[in-house]
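A short write-up of the structure that comes next.
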Amino acid sequence: MERTLSIVKPDGVDKNLIGEIIKRFEGRGLKVIGLKMISMDKKEAEGFYAVHRGKPFFESLIVFMSSGPCVVMVLEGDGAISKARELMGATDPKKAETGTIRQQFASNIERNIVHGSDAPETAAYEIGYFFNSLEIFSA
Ligand code: IDP
Ligand code: MG
């Protein structure tokens, strides 16, 4: 069993894609074991994306991620990290496989609808960033 942190980003919430995205994760056999809507200020978004500090797209990414509410969720299942990322598609929607969330719905490489952790260590950090143990419901 593995856990991953996913976010429906502000553009995904704005486009009414919360249900669509959760449906795809659940349809792939991933269990939603934590879920909430939040709104990050710039400091909170910077903390979440700290690994990207210094990159050319960092400032713009922080403005975007703090521009409106997000839905954050913890998903659990075998291979949860790679399954979620497969469903999301590549970071750049132009390079994302047909039928993936980003290929179908994303506007551009920044406004790409959804986040998913990329490794067990980052998943642990990202889950702990938004959820405490009382907010996660594992079988
Ligand atoms: P990922 O979300 O597919 O894991 P990362 O490389 O971790 O991609 O980048 C984090 C987020 O930063 C992306 O989802 C996207 O919103 C934004 N981003 C990444 N690369 C670029 C870029 O080259 N231009 C603008 N935004 C970017
Ligand atoms: Mg990433």
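Here, each number is a calculation from the coordinates, and none is a lab measurement. Fair warning: this is a prediction, and the values are worked out from it, not measured in the lab. Cβ placement follows ideal geometry from the backbone for every residue including glycine, while neighbour counts extend to all protein chains displayed.
Taking a ≥ b ≥ c as the square roots of the eigenvalues of the Cα gyration tensor of segment 11-68, is the shape rounded (a/c under 1.5), prolate (a/b larger than b/c) or oblate? Working shown, then result.
Values: a/c = 2.27, a/b = 1.96, b/c = 1.16.
Prolate shape, in that a/c is at least 1.5 and a/b is the bigger ratio.
Fewest Cβ neighbours within 10 Å first, please rank Leu30, Leu87 accordingly. Can you show the working numbers first?
On the way: Leu30 25, Leu87 20.
So the ranking, lowest neighbour count to highest, is Leu87, Leu30.
Modelling each spin label as a point 7 Å along the Cα-to-Cβ direction, I'd like the Lys31/Leu134 distance in nm, to one decimal.
Each label point lies 7 Å from its Cα, and together they span 2.2 nm.
Take His52, His115 and order them by how many other Cβ atoms sit within 10 Å, fewest up front. Don't skip to the end; give the middle numbers.
On the way: His52 13, His115 22.
Least to most surrounded, the residues fall as His52, His115.
Can you compute 3J(HN,Hα) from phi for each residue in segment 58-73, using the Karplus curve 6.51 cos²θ - 1.76 cosθ + 1.60 with θ = phi - 60°, rounded to whole Hz and x for Gly and Pro?
4, 4, 5, 4, 5, 4, 4, 5, 9, 8, x, x, 10, 10, 9, 8
Quick one: Cα centre-to-centre distance for segment 107-139 and segment 1-60, in angstrom?
Centre-to-centre (Cα) distance: 6 Å.
Taking 28 Å as the cut-off for C-alpha to C-alpha distance, list the pairs among Lys23/Lys43; Lys15/Lys42; Lys9/Lys31; Lys23/Lys95; Lys23/Lys94; Lys23/Lys55 that go past it.
Details: Lys23/Lys43 31 Å; Lys15/Lys42 22 Å; Lys9/Lys31 19 Å; Lys23/Lys95 23 Å; Lys23/Lys94 23 Å; Lys23/Lys55 33 Å.
Flagged as over cut-off: Lys23/Lys43; Lys23/Lys55.
Under a Cβ-Cβ cut-off of 13 Å, what is the net charge of the residues other than Glu59 that fall near it, where Lys and Arg count +1 and Asp and Glu count -1?
+1
Just check segment 26-139 against the gyration tensor rule for me: Cα atoms, a ≥ b ≥ c as the square roots of the eigenvalues, rounded for a/c under 1.5, and otherwise prolate or oblate depending on whether a/b exceeds b/c. Please report the intermediate quantities before stating the final value.
On the way: a/c = 1.75, a/b = 1.10, b/c = 1.59.
Taking the square roots of the gyration eigenvalues as a ≥ b ≥ c, segment 26-139 is oblate.
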